[in-house]
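First up is the structure itself, then whatever we jot down about it.
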Amino acid sequence: MTTRLFNQPLGGNEMPRFGGPATMMRLPTQPTTEGLDACFVGIPMDIGTSNRPGTRFGPRQIRTESCMIRPYNMATRAAPFDSLQVADIGDVAIDTFNLPKCVDIITDAYRDIIKDGCKPLTLGGDHTLSYPILRAIAEKYGPVGLIHVDAHADINEHMFGEPIAHGTPFRRAVEAGVLDTKRCIQIGVRGTGYAADDFDWPREQGFRVVQVEECWHKSLTPLMEEVRAQMGDRPVYLSFDIDSLDPSIAPG
């Protein structure tokens, strides 16, 4: 009987933080998901954005900063790298000039990534990418639950007349039948809107929508217990948008 050896992040006492491979947490890299329980994969895309570009550099910058992360959670004692085989498989080779084509490229890439059960941990990229990822996941697992942490609901009908953009992915996902809408929750949506009922469309589909005001001045532990109960033991897609953080924390 052999002991399975798991990839470990390269620690700061083995290699200075400013050295080593430029992978997520300085993990080993490999071209496929063979033998992996989970993988980090980048989608360097921002052609779906409507205002500020630059998220195409997100995967590279996240990897750069990730060298500061240590492998153990001191609050929960979680130690994922002691029980999961994880590697960085690089980036999806998107077409930076053609957004509809890019959506199909991402879906095709994720079909291959998840075919043997590997769980992708995606570094974006603008939020358009959630829709093509969900298409691939639903082909394998059926409609999945959604935990969406964001300042925006991203359920626009169109943006400048276009059905595919960073503000439309979850409406397209509902229309495509890839979400189990009774197991969808959006947390932290806030700010101004185009109409008073902007957050009502997802509610009408069966989503639970928790506006940011419901999160203020209280522990979110009870909410997380409710979310776990709602999601059950079936597949769930977690999407976390940087603007769910206050702009004072992430002004970029």
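The values are calculated or read from the model by the stated rules, or taken from the named source; none is laboratory data. In this text the structure is predicted, and so the values were computed from the model without any measurement. Counting neighbours? That spans all protein chains shown, and the Cβs are built from the backbone with ideal geometry, glycine included. Each accessible area value is taken on the protein alone, full model and side chains, heavy atoms only, with ligands, DNA and RNA left out. Shrake-Rupley method; radii C 1.70, N 1.55, O 1.52, S 1.80 Å.
Quick rundown of the values:
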| read-out | value |
| --- | --- |
| Calculated FRET value between Glu214 and Glu175, using beta carbons and R₀ = 25 Å, to 0.05 | 0.40 |
| Shape box of the chain [Cα atoms, principal axes, largest first, Å] | 57, 44, 39 |
| Antiparallel content of DSSP bridges confined to the chain, in %, to 5 | 5 |
| Förster radius 45 Å - calculated FRET efficiency between Asp243 and Thr3 (Cβ-Cβ, nearest 0.05) | 0.55 |
| Most mobile of Ile106, Ile69, Ile155 in a GNM of the chain (Cα contacts under 10 Å) | Ile69 |
| Compactness of region 1-145, expressed as Rg and Dmax over alpha-carbon positions, Å | 16.2, 56 |
| Directionally averaged shadow of region 35-81, computed from the convex hull of its alpha-carbon atoms, nm² | 5.2 |
| Expected 222 nm ellipticity per residue - DSSP helices of 4 or more, -39500 (n - 2.57), all of the chain, to 500 | -7000 deg cm²/dmol |
| Set Lys115/Lys218; Lys140/Lys218; Lys182/Lys218 screened for pairs whose C-alpha atoms are more than 30 Å apart | Lys115/Lys218; Lys140/Lys218 |
| Helix runs (DSSP H) in the chain reaching 20 Å along axis by Cα, Kyte-Doolittle at least -1.0 | 99-114 |
| Total charge dipole magnitude, the chain, about the Cα centre, Cβ charges on Lys, Arg, Asp, Glu only, Debye to nearest 20 | 660 |
| Where region 20-125 is the region considered: accessible area per residue in Å², 1.4 Å probe | 55 |
| Estimated distance in nm for a label pair at Met15 and Arg70, the labels positioned 7 Å out from Cα along Cα-to-Cβ | 2.0 |
| Carbon/sulfur fraction of accessible area - region 20-125, other protein chains in place, 1.4 Å, % | 56 |
| Region 143-251: C-alpha gyration tensor shape, a/c 1.5 cut-off, then a/b vs b/c | oblate |
| Which of Met24, Met15, Met68 is most accessible, then next, and so on - probe 1.4 Å | Met68, Met15, Met24 |
| Extended-chain gain in nm, criterion 0.36 nm per residue less alpha-carbon gap, Arg52 and Asp104 | 16.4 nm |
| Rounded, prolate or oblate (a/c below 1.5 giving rounded, otherwise prolate when a/b exceeds b/c) for region 62-110 by Cα gyration tensor | prolate |
